[in-house]
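Encoded as structure tokens, the structure appears first; notes follow it.
Nothing in this text is a laboratory measurement; each read-out follows from the coordinates by a stated rule. Please read these numbers as outputs of a predicted model, since none were measured by experiment. Note that we place each Cβ from the backbone using ideal geometry, even for glycine, and neighbour counts take in every protein chain shown.
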Amino acid sequence: MNQSVTDKELKEPINLPTLLSGISVGTWQEDFPLTGRDFEHLKQGNPFIITCGHSMLLTSAGLALSLIGKNASKIKHPDIIIYDGEYVALITGLALSALCYLISLFIPSDKKKLMKRLKKHFDTSQKKRAYMPEGETEQ
């Protein structure tokens, strides 16, 4: 149906069924076959070693805040005692926390493996543009 209308005055509507109107344009990509077990690995969270690192880091942050308060109070009250062990505990906590994070880089976890598979899938699976009439859903 290649008809054209040129230099004519139109007095009634012309139906153009092949004209793209009411169309959604989207980008589609192959689905990732996510299983229930994969979902649980994603939902589970971080490995235990990372949780330990977080705990030590937060404990060290609390100790650091306490030492900041003590040092600030020592200006007005010089008789306040700050023991060397408090600084040793702070440094030890920060070091152990860093060690936990470092160890976690080398310990494989199901979540890390799944995230690598997801990244590889979406990096390598082809994308395609598609047109879909509005109101329709792909089954």
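Percent of Cα-Cα pairs per 5 Å bin, from 0 to the last occupied bin, for region 60-139, please list those.
Histogramming region 60-139 at 5 Å steps yields 3, 10, 11, 10, 9, 8, 7, 7, 6, 6, 6, 6, 4, 3, 3, 1 percent.
Helix 48-76 versus the longest principal axis of the chain: what angle, 0 to 90°, nearest 10, using Cα atoms?
On a 0 to 90 degree scale, this one is about 50.
Could you work out how much longer the chain between S24 and H77 gets when fully extended? Use 0.36 nm per residue separation minus the Cα distance between them, nm to one decimal.
11.9 nm
May I ask for log10 I(q)/I(0) of the chain at q = 0.10, 0.14 Å⁻¹, from a Debye sum over the Cα atoms as equal point scatterers with solvent left out?
Taken in order of the listed q values, log10 I(q)/I(0) reads -0.68, -0.90.
Taking the mean number of other Cβ atoms within 10 Å as a proxy for protection, how do you rank 55-62, 24-31 from highest to lowest?
Going from most to least packed, we get 55-62, 24-31.
As I understand it, the value is the acute angle between the Cα axis of helix 110-124 and the longest principal axis of the Cα atoms of the chain; what does it come to in degrees, rounded to 10?
30 degrees
Could you pull out which residues in region 22-36 have an amide N less than 14 Å from a spot 7 Å beyond the Cα of S125, following the Cα-Cβ vector?
Only 27-35 pass the distance filter.
Please list 3J(HN,Hα) in residue order for region 37-45, calculated via the Karplus relation 6.51 cos²θ - 1.76 cosθ + 1.60 where θ = phi - 60°; whole Hz, with x for glycine and proline.
Once θ is set to phi - 60°, the couplings for region 37-45 become 5, 4, 4, 5, 5, 5, 6, 4, x Hz.
Hand me the tally of lysine pairs in region 77-139: alpha carbons under 15 angstrom apart, and the pair either on different chains or 8 or more positions apart.
Count of close lysine pairs: 4.
Please compute one quarter of the surface area of the Cα convex hull for region 58-105 and express it in square nanometres.
Details: hull surface 13.3 nm².
Taking the Cα atoms of region 58-105, their convex hull projects to 3.3 nm² on average.
Can you give the log10 of the normalised intensity I(q)/I(0) at q = 0.32 Å⁻¹, computed with Debye over equal Cα scatterers of region 32-80?
Calculated log10 I(q)/I(0) at the listed q: -1.04.
Taking the highest mean first, how do the peptides 75-87, 103-115, 33-45 order by number of other beta carbon atoms within 10 angstrom per residue?
Highest mean packing first, the order is 103-115, 33-45, 75-87.
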